[in-house]
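A short worksheet on the structure shown next.
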Amino acid sequence: MELFPILEVRNLTKIYGKPCGECISHTGPIYETNICSRCNSLVACADINFELYPGEILGIVGESGSGKSTVIKLLAFDVEPLQGEYYIKHEKIINILGNGQKNLFNLTPFEKRQIRNQVIGIVYQYPYLGLKMNISAGGNIAENLLVAGLRNLKRIREKVLELFEKTELPIQRIDEPPIKFSGGMQQRVQIAKALSNNPPVLFLDEVTTGLDVSVKARILDLIKNLHHDYNFSIIIVSHDLSIIRVLTHRTIVMKLGRVVEAGLTDQILEDPQHPYTQLLVNSQL
Amino acid sequence: MKGYNFGFLDEVSKREIRRKILKAIAIPGYQVPFSSKELPIPRGWGTGGIQITLSIIGPDDILKVIDQGCDESVNAVNIKKFIKAVTGVELTTDTTEATIIQTRHRIPEESMTEKQILVLQVPYPEALRVFEPSEVETRRMHAEADYARMWLYLYEDIVKFQEISIGARYPVLVNNRYIMDPSPIPRWDIPKLNMAKTLYLFGAGREKRIYAVPPYTDVKPLEFEDFKFRVEDFRGKCCMICGSSDTFLDELIDGSSGERIYICSDTSYCKKRRLVRSEL
Ligand SMILES: Nc1ncnc2c1ncn2[C@@H]1O[C@H](COP(=O)(O)OP(=O)(O)OP(=O)(O)O)[C@@H](O)[C@H]1O
Ligand SMILES: [Mg+2]
Ligand SMILES: [Zn+2]
């Protein structure tokens, strides 16, 4: 594994509602709530720190509502943090921002959109968040190429076809809207879209939730193969520990908006330290 | 008309509209909100264009008003009558004589000069509305020049229809910055916006927006490298009145024979050419 992380997150905090200033010290696993008793704001995540190394697959696990999707949405610039620092080291970032380290949360909307388009690929927990359901599947993928400034229809079509093949989507359905697709196919369209500009970093939020076992297994295979072929760095969110076990190198465990444990996946699954992780692991065995 | 200020609108209102026009000129293609005034004409009948005209017109101006290229249509005549009544300015049908031309759905065929101003009436000023209903969101897209969804709209159109199905209101990129609705002019007129000598002012009364293309501004219709913008195809057709084959033609069905016939949409230019022809 390489020495320097490709992605670093420091002190990341997101609060829904109007924070009172003491929300963070009144919430979390110790208080068994993510709602501030003083001002009723919801601390979706707080004081999150982690790094992602080149080629690594990092897992985020935790029960429903623990803040996993919030972290992903923050990193994709879909929502704004209350505070936090966010760095990505990659030549594509230098192309967009020039040299020097910049907290990505402080960029202009234009710069964020470029990074989102060039550096980050994302698959959302719910396909309707990542896809326009009434626009053709090909168009959904083409959108990322259009954002990147491609204006040649033939090349756009070729690239979309290539992504269709890569994600094992039936190419004869390229001009149909995803609303007509099965859940597994919709996730594949999201994956194809995420890969469209060869991003070095991928965020996968519950890619297999709601899919039946055989579809789930094929999607996992696809992710493994793509990771093998492209060696991007991946953050994968799941509350399914079998996925975490199969795919990830390291894992962070979240509860009520906080990281309660982090480490090598094998160690966490074999020898969980935090009582909450022990509960998670035991309940799923 | 007695009891009214010159140009019907009071001076304060005119000044406000002129300020908005100046802002629009300073930011080519950007929609400037203005407080649309009440006129004795219902909104949707060109009140945006009329307010612009009334705010910039002076006693020495010569006005031409056309509707879909025609000087004599009811709408054009009514607007002309109203402006004449509240200003007393001279009227003309000759494009080259007019200092201000107010128009709906056409740009005159004859090329215009730096000394003229063309005022276009706009029903729907927002080019992005075809795919985005939210005003907050379209404003954000303009502010951030985030136009991928417009391109996606064109992509989908081509995938579905093998062509860009937008006829009138073809979206253009102004000054390499803002996507703009050129009002429902035919594609034929779009190239006239590019590097034009004349100032173009656009007024939407109901939607309370003013925007502008100043003289010598780059205006490009949106197109793909391998799927180019094209104007309407009139090859093999000509005006049955003046014989023109290089003007925008209206298609009509001849009542008695049932055949398709074509005549110039710009009626005053058609008349001029007929005169030239009969003198030859
Ligand atoms: N837009 C919002 N407004 C208010 N609260 C929100 C909003 N989005 C999320 N939350 C709250 O933030 C907390 C974290 O939500 P998040 O979606 O990140 O959880 P999660 O770990 O992804 O859960 P799941 O496993 O169910 O997907 C939850 O309590 C949720 O209700
Ligand atoms: Mg979630
Ligand atoms: Zn609080």
Debye intensity ratio I(q)/I(0), log10, the range A:120-198, q values 0.21 Å⁻¹ (C-alpha model):
-0.85
Please report, largest first and rounded to whole Å, the three semi-axes of the ellipsoid equivalent to chain A, where each semi-axis is the square root of five times an eigenvalue of the C-alpha gyration tensor.
31, 23, 18
Across the Cα atoms of the protein assembly as shown, what radius of gyration and what greatest pairwise Cα-Cα distance (Dmax) are found, in Å?
30.4, 102
In Å, the C-alpha Rg and Dmax of the range B:233-280 are 11.1, 32
Based only on other Cβ atoms within 10 Å, what is the fewest-to-most ordering of B:89, B:213, B:12?
B:12, B:89, B:213
Given a Förster radius of 35 Å and the C-beta distance between residue A:176 and residue B:140 as r, what FRET efficiency does 1/(1 + (r/R0)^6) yield to the nearest 0.05?
0.75
Could you tell me the largest-minus-smallest coordinate of the C-alpha atoms of the range A:2-125 on each of the three principal axes, in descending order and whole angstroms?
45, 29, 27
Work the Kirkwood hydrodynamic radius out for the range A:194-281: mean of 1/r over every pair of different alpha-carbon atoms, inverted, in Å.
14.1 Å
Once the range B:185-238 is represented by equal point scatterers at the alpha-carbon sites, with solvent omitted, what log10 I(q)/I(0) does the Debye formula produce at q = 0.20, 0.23, 0.27, 0.28 Å⁻¹?
-0.88, -0.99, -1.08, -1.10
Over all pairs of distinct alpha carbons, what does the Kirkwood formula give as the hydrodynamic radius of the range B:112-161, in Å?
13.2 Å
As an exercise, identify the trypsin sites (Lys or Arg not before Pro) in the range A:233-285 lying in DSSP coil whose Cβ has no more than 14 other Cβ atoms within 10 Å.
none
Need one number for the range B:151-280: average projected area of the convex hull over its C-alpha atoms, nm².
11.6 nm²
Taking every pair of Cα atoms in the range B:86-176, average 1/r, invert it to obtain the Kirkwood radius, and report Rg/Rh to two decimals.
1.09
Long-range amide H partners of residue A:83 with built H, under 5 Å:
A:13
Taking only the Cα atoms of the range A:164-223, how large is their convex hull per residue, in Å³?
88 Å³
Between residue A:59 and residues 5 or more places away or on another chain, which pairs have amide H atoms under 5 Å apart, with H built 1.01 Å from N, and which residues are they?
A:236, A:249, A:250, A:251, A:252
Anyone know which of A:202, A:163, A:107 comes out most mobile in the 10 Å Cα GNM of chain A?
A:107
In the range A:1-72, the GluC sites (Glu not before Pro) that fall in loop regions by DSSP, at most 16 other Cβ within 10 Å
A:2, A:22, A:32, A:63
In Å, the Kirkwood estimate of hydrodynamic radius for the range B:12-76 over Cα pairs equals 13.3 Å
Work out the mean other chain Cβ neighbour count within 10 Å for the residues of B:152-165 and drop it here as an integer.
4
Of the peptides B:113-120, B:79-86, how do they stack up when ordered by the mean number of other Cβ atoms within 10 Å, highest first?
B:113-120, B:79-86
Tell me the relative contact order for the range B:1-106 as a rounded percent, counting alpha carbon contacts under 8 Å between residues six or more apart.
31 percent
In whole angstrom, and with the biggest value first, how far do the Cα coordinates of chain B range along each principal axis?
59, 55, 34
Could you check which residue among B:68, B:102, B:162 shows the biggest mean-square fluctuation in a GNM of chain B with a 10 Å Cα cutoff?
B:162
Could you tell me what percent of the DSSP beta bridges with both partners in the range B:11-221 are antiparallel, to the nearest 5?
45 percent
For the range A:232-285, take the alpha-carbon Rg, divide it by the Kirkwood Rh, and send me Rg/Rh.
0.92
Under 15 Å from a label point 7 Å along Cα→Cβ of residue B:220: give me every residue in the range B:129-143 with its amide N that close.
none
Mean separation of Cα pairs under 8 Å and 6+ residues apart, divided by the residue count of the range B:233-280: what relative contact order is that in percent?
34 percent
Proximal charge balance of residue A:200 [Cβ under 9 Å; K/R count +1, D/E count -1]:
0
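Laboratory data are not the source of any read-out in this text; all were calculated from the coordinates shown. The shown structure was predicted, so the numbers you read here are calculated from the model rather than taken from an experiment. With ideal geometry, Cβ positions are generated from the backbone for all residues, glycine too; neighbour counts draw on all protein chains shown.
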